[in-house]
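Undergrad: Please read through the structure below; I'll follow up with questions.
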Amino acid sequence: VARRLWRVLLILIPLPLGYDNGFVHQMQIISSTYASRLLDALSVFHTMQGNILELSGRKFFVQEACSGLTSVYLILAATWFTVAYLQLRLIRSVPLILSSVWWSVVANIFRITVIALAHDRWQLDLTTGAAHEITGLVVMAVALALILMTKQWIDFLFAPVRQSGIDSIEDSRKRLTPEIVWNLLTSPRDTSDDGDST
């Protein structure tokens, strides 16, 4: 198992030249923009100036409403761990990892909207204390559930094709039919002999 999970350590390597901070800033801008549009659709009077949301006489920084780097990296790390543990092929792992970035942005948009709505409609402060932590955990759980649903959809799209008339793996390697090539590209790697390899 340890041999399969060493790839997870790659996510601990920061991007060079400050690209990680630029990435987080870009995610915050996207989250702010679409959260503002969603609040407009919900008839919540507000102003959005950069990453500062102002409504009902109070200013919220996007960093308070969404954890930015933390939420993106946590969701990405959880997805990367799953990919490494299950030994998914590139054709499955790449769209799943990309979907984790998408769902983390959606989660941050949802979190900003919920915090703004709670303050505007019910005068609840979800930016501090236990309420903030619970909101973050709920949003994170929803995002992970959506990623799991995405994995199920990817598994459905790239499901193995039944091979008729093939009795063994050796026989299948001698006859590279389109079905066999598809299965080789999409099926998880065979890790049954990990303990015997040197």
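The values are calculated or read from the model by the stated rules, or taken from the named source; none is laboratory data. Just so it is clear, the model here is predicted, and its values are computed rather than measured. Here the Cβ is made from the backbone with ideal geometry for all residues, glycine too, and neighbour counts use every protein chain on show. These area figures cover heavy atoms from the full protein model, side chains too; ligands, DNA and RNA do not enter into them. Shrake-Rupley method; radii C 1.70, N 1.55, O 1.52, S 1.80 Å.
Undergrad: For the structure I just gave you, tell me whether residue 115 is within 14 Å of the chain's Cα centre (by Cα) and not in a loop (DSSP other than H, G, I, E, B). Give the derivation first.
TA: On the way: within 14 Å of the chain's Cα centre (by Cα): no; not in a loop (DSSP other than H, G, I, E, B): yes.
So residue 115 fails the test.
For (1) touching a Gly at 6+ places or on another chain (Cβ under 9 Å); (2) of a type in the set (A, V, I, L, M); (3) under 14 Å from residue 35 (Cβ atoms), each residue gets a yes or a no:
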site	(1), (2), (3)
76	no, yes, no
93	no, no, no
105	no, yes, yes
136	no, no, no
153	no, no, no
160	no, no, no
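Undergrad: Among the numbered criteria (1) modelled with pLDDT under 85; (2) part of a helix (DSSP H, G or I), which single criterion is violated by residue 88?
TA: Evaluating residue 88 over (1) modelled with pLDDT under 85; (2) part of a helix (DSSP H, G or I) leaves (2) as the failure.
Undergrad: Just checking, which of 148, 117, 185 is over 30 Å from residue 55 (Cα atoms), at pLDDT 60 or above and in contact with a Leu (Cβ under 9 Å, 6 or more places away or on another chain)? Spell out the reasoning first.
TA: Details: 148 fails: in contact with a Leu (Cβ under 9 Å, 6 or more places away or on another chain); 117 fails: over 30 Å from residue 55 (Cα atoms).
That would be 185, the only listed residue that is over 30 Å from residue 55 (Cα atoms), at pLDDT 60 or above and in contact with a Leu (Cβ under 9 Å, 6 or more places away or on another chain).
Conditions (1) open to solvent by 20 Å² or more (accessible area, probe 1.4 Å); (2) modelled with pLDDT of 80 or more, marked per residue:
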{"residue": "38", "(1), (2)": "yes, yes"}
{"residue": "42", "(1), (2)": "yes, yes"}
{"residue": "47", "(1), (2)": "yes, yes"}
{"residue": "66", "(1), (2)": "no, no"}
{"residue": "73", "(1), (2)": "yes, no"}
